[in-house]
Amino acid sequence: MVFASSTGSQVSVELDEFKHGAFTKALLEGLDGKADLLKDGFISTSELDAFVSQRVKELTNGEQMPTTVKPDTTPDLRLFVSPE
């Protein structure tokens, strides 16, 4: 499974206020518990994908769209227990 910050034709947006890119900001927020969309105490790969995709679009006003590549046979994996 690959989480990429943008499509091949886009430039990843850097956010000076956070000292890193929009994708990194969204990924860190998601792994900090905000990606627990089902509120079940776990963050799955599909929840993280959905959260990061939406959050990057918000942070960049739609200028950047992350993409995820996942083999068809890969199940929705639980990454860890949410700290929230």
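Every read-out reported here was derived from the displayed coordinates using simple, explicitly stated rules and does not represent laboratory data. Model, not experiment: these values are computed from the prediction. Every residue, glycine as well, gets a Cβ built from its backbone with ideal geometry; the counts of neighbours run over all protein chains shown.
Determine whether LEU27 is more than 24 Å from THR73 (Cβ to Cβ) and surrounded by 13 or more Cβ atoms within 10 Å (Cβ to Cβ).
When the stated conditions are applied, LEU27 passes them.
So, restricting to strands (runs of 3 or more DSSP E) that lie completely within the chain, which ones have at least 1 residues that are under 10 Å from the mean Cα position of the chain (by Cα)?
The qualifying strands (runs of 3 or more DSSP E) are 2-4, 67-69.
Which of the residues spanning the stretch 43-84 are in contact with a Phe, Trp or Tyr (Cβ under 7 Å, 6 or more places away or on another chain), touching a residue at least 60 places away in the same chain (Cβ under 8 Å) and of a type in the set (Val, Ile, Thr)?
Listed by number, the list holds a single entry, THR68.
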